[in-house]
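Contents: one structure, followed by commentary.
The values are calculated or read from the model by the stated rules, or taken from the named source; none is laboratory data. Computed from a prediction, not measured in an experiment: that's the story for all the values here. We place every Cβ from the backbone using ideal geometry, glycine too, and count neighbours over all the protein chains shown.
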Amino acid sequence: MVEFAINGKKVTAEKGESVLDVAHREGFDIPTLCYHDTLGSDGRCRLCVVEVRKGNRKRIATSCLYPAESGIEVFTESPDVLLVRKTVLELLLARCPNSETIQYLAKEYGVTQARYRKDNDKGKCILCNLCVKTCELNVGAAALGMSGKGPFKKVTTPYGEPSNDCIGCGACVAICPTGHIYIEEKDGVRTIWNKRFELARCPKCNRYHAPVEQLAFIASRSGTTMEQLLICPDCK
Ligand code: SF4
Ligand code: FES
């Protein structure tokens, strides 16, 4: 066990736990965009910065990657933290001016207009990598990846083509913090990542509920029969 302080409150943590996890458990509000309970974080959004003091030294650190350490003092809203967080939000707002999530956070931190030139070609994507990770690690499909470098980096299926690995489950849509991923359902067809999926109808209520391809994927991995999977969650 390690003992340290967050905003003056003594807290304890398991060795290896991140400062962010401990802070959230103790009820401190630290904003995040690229963190998820099931996947952790790659430290991409930099919104979770905190001030860490150790003896006479102090530094700004990303709390999602900073391991809890005995004797440190963490401050979640010091003037330096607020300044860095504000700058991060200015940059995110310039990158994704149409993201409601970023607009909301920016407003919370007093950012009304960005000093940086607006990007008009990034949509709402902040390259957090959560969609890529959930597809691979939570779903087991690995249909998405990052392509390109620098300003051209983007999340995509291989060559931007409909992917054989995509099962149309929409886990990427659910986890995306900024609402970037386009999904449409119309007349029994779901469209996502340029691929069209026939939706299965529940034999009991006749409602469309999941792509046939997704159900077949689950059946192949779990041993559950298609007949069972065709029944929607509400009718089970
Ligand atoms: S599409 Fe969404 S989840 Fe995927 S990297 Fe971009 S912001 Fe993150
Ligand atoms: S949550 Fe820590 S960098 Fe995004």
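The helices (runs of 4 or more DSSP H) located wholly in region 65-167 that include 2 or more residues which are among the hydrophobic types (A, V, I, L, M, F, W, C) and surrounded by fewer than 17 Cβ atoms within 10 Å (Cβ to Cβ) occupy 79-95.
Within region 15-40, the only residue that satisfies the criterion of being touching a strand residue (DSSP E or B) at 6+ places or on another chain (Cβ under 8 Å), in a loop (DSSP other than H, G, I, E, B) and near ligand 2 (Cβ under 9 Å from one of its atoms) is 30. Here the condition is being modelled with pLDDT of 95 or more, assigned by TED's automatic domain parsing to the domain that holds residue 77 and not hydrophobic (A, V, I, L, M, F, W, C); of 157, 101, it holds for 101 alone. Consider region 1-13 and keep the residues that are small (Gly, Ala, Ser) and outside any loop (DSSP other than H, G, I, E, B). The one that is farthest from the chain's Cα centre (by Cα) is 5. Criterion applied to 105, 144 was being touching a residue at least 40 places away in the same chain (Cβ under 8 Å) and within 12 Å of ligand 1 (Cβ to nearest atom), and the one residue passing it is 144. Among the residues of region 41-59, just one is in a strand (DSSP E or B), in contact (Cβ under 8 Å) with a residue 24 or more places away in the chain and of a type outside the set (A, V, I, L, M), namely 51. Is region 70-88 home to any residue that is within 14 Å of ligand 2 (Cβ to nearest atom) and among the basic types (Lys, Arg)? The answer is yes; a qualifying residue exists.
Just to be sure, is residue 16 within 17 Å of the chain's Cα centre (by Cα) and among the small types (Gly, Ala, Ser)? Spelling it out, it is not the case that residue 16 is within 17 Å of the chain's Cα centre (by Cα) and among the small types (Gly, Ala, Ser).
Of everything listed in (1) free of Cβ contacts under 8 Å to residues at least 12 places away in the same chain; (2) over 18 Å from residue 128 (Cβ atoms), the single unmet condition for residue 5 is (1). For region 108-141, filtered to residues that are in contact (Cβ under 8 Å) with a residue 12 or more places away in the chain and among the β-branched types (Val, Ile, Thr), the residue that is farthest from ligand 2 (Cβ to nearest atom) is 139. Residues in region 97-120 that are among the β-branched types (Val, Ile, Thr) and under 16 Å from residue 87 (Cβ atoms): 102, 111, 112. Filtering region 114-141 to residues that are on the phi > 0 side of the Ramachandran plot and more than 16 Å from the chain's Cα centre (by Cα) leaves only 140.
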